[in-house]
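The values are calculated or read from the model by the stated rules, or taken from the named source; none is laboratory data. Bear in mind that the values here come from a model prediction, so they are computed numbers and not experimental data. No Cβ is skipped: glycine too gets one built from the backbone with ideal geometry, and neighbour counts run over all protein chains shown.
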């Protein structure tokens, strides 16, 4: 495939940008921890790190005039997917996925947490190539392959039915080089999930994923699950009510009156208990459970694809046709809801966003993740991060709080806050230069003037040149 044969233009630019130090003068540094903008500083970048910073620092090397601009830490998307189209399993989309890597960087996303799929061997190779400077793209952390039940929901997942199978799956992912473990059980016996958690923790790996329908949030927190993906799982029924609903859902699976999606959603929303939320959310904060709300994708696939036409979206030109086809509601995996289900989806989304805000106010740590990738309709790598952070602000977070979910909090999750996540002397120079203040308007994140990845400087002109290169490769693939 074409994308695999051509050296990304952004990599060529990066290779040509190495060498002497770079100094950004007169720039307003955004302190994402304190939520304030510091007086104009000079930031010296050398050997991939912030070598010095301060108002009186003397610039050296290449000088970038930062007057009137704002410097923030590079963003991390903590939930992305690189995978094939499950509707057409025989066709590999490895090169098509690889072609999206540059799109993260040009949008200020310097790192991604890849949540598992059927391209794990490719993703592991891309991770090493990026780390070695041989491929352009964000730093990658990956789960490798997801762990699932006997009938897996996505190709490439590992079926684990017994505790021993679960332990062996974790060991397999550890040997393969996975950075953490992703679970995707719709239902699972508690001993199986506990085996995953215990084995992963013994190997130094965190476990995150979906909440099994038969286990409550309180239960998996007690078991030691490190995180949950998607804000929908912040529902807090009383344990007895959860068990009754779970038992009924299971009993009716093969019955004439099986519980459909609409009924299950109504019942789930009805059983959310505010008193239990007030009790449980502080516990999730005290014994940290990291929540990735994925607000943008939930709205997109739940109801926006039924009401918004993306066929004329100008960003289509940056994606290979098979990626775009996987998002097409007529050809892809996900179909738009209609009628009463559509109205219910909107109501559920609003209610779930309220849960997220309540959890945040209780101290629960949030991670920004978009769920972008194949099959998740029009959730576009790079751009979706801007949408996610804007959605958090719309829900009620302050811009500084939203920024922390993509900078400081991911660094804490990785155990790297002493090395990354803020603009400070000695830290890694993964930075984004903006034209306006994101603390005043989170929409400023789209106004990117430059990106620094591992200290390599990409000007706006170079980023635009890289975008044109992506566009040209995608155009050739469409012929």
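Conditions (1) within 24 Å of residue 213 (Cβ to Cβ); (2) under 19 Å from the mean Cα position of the chain (by Cα); (3) in the same structural domain as residue 236 (by TED's automatic domain parsing), marked per residue:
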position: 275; (1), (2), (3): yes, no, yes
position: 302; (1), (2), (3): yes, yes, yes
position: 315; (1), (2), (3): no, no, yes
position: 318; (1), (2), (3): no, no, yes
Residue count for the stretch 1-25, restricted to those that are surrounded by fewer than 18 Cβ atoms within 10 Å (Cβ to Cβ) and modelled with pLDDT of 60 or more: 4
Flag if residue 211 is without any contact (Cβ under 8 Å) to a residue 24 or more places away in the chain, surrounded by 19 or more Cβ atoms within 10 Å (Cβ to Cβ) and under 22 Å from residue 369 (Cβ atoms): yes
Of all residues making up the stretch 390-408, the number that are more than 19 Å from residue 29 (Cβ to Cβ) and crowded, with 20+ Cβ neighbours inside 10 Å: 4
Residues that are farther than 16 Å from residue 114 by Cβ, touching a strand residue (DSSP E or B) at 6+ places or on another chain (Cβ under 8 Å) and buried (at least 17 other Cβ atoms within 10 Å of the Cβ), drawn from the stretch 166-202: 166, 169, 170, 185, 193, 196, 197, 200
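Rundown of residues vs (1) in a helix (DSSP H, G or I); (2) crowded, with 22+ Cβ neighbours inside 10 Å, yes/no style:
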position	(1), (2)
323	yes, yes
330	no, no
357	yes, no
377	no, no
Verdict on residue 31 being at pLDDT 95 or above, in contact with a helix residue (DSSP H, G or I) (Cβ under 8 Å, 6 or more places away or on another chain) and within 21 Å of residue 428 (Cβ to Cβ): no
Wholly within the stretch 384-479, strands (runs of 3 or more DSSP E) carrying at least 3 residues that are closer than 23 Å to residue 40 by Cα and in contact with a helix residue (DSSP H, G or I) (Cβ under 8 Å, 6 or more places away or on another chain): 448-453, 456-459
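Condition check ((1) outside any helix (DSSP H, G or I); (2) closer than 27 Å to residue 343 by Cα) across all residues:
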| position | (1), (2) |
| --- | --- |
| 188 | yes, no |
| 191 | no, no |
| 197 | no, no |
| 205 | yes, no |
| 228 | yes, yes |
| 255 | yes, yes |
| 258 | yes, yes |
| 270 | no, yes |
Number of positions in the stretch 301-320 that are at pLDDT 95 or above, under 26 Å from residue 89 (Cβ atoms) and not in a loop (DSSP other than H, G, I, E, B): 2
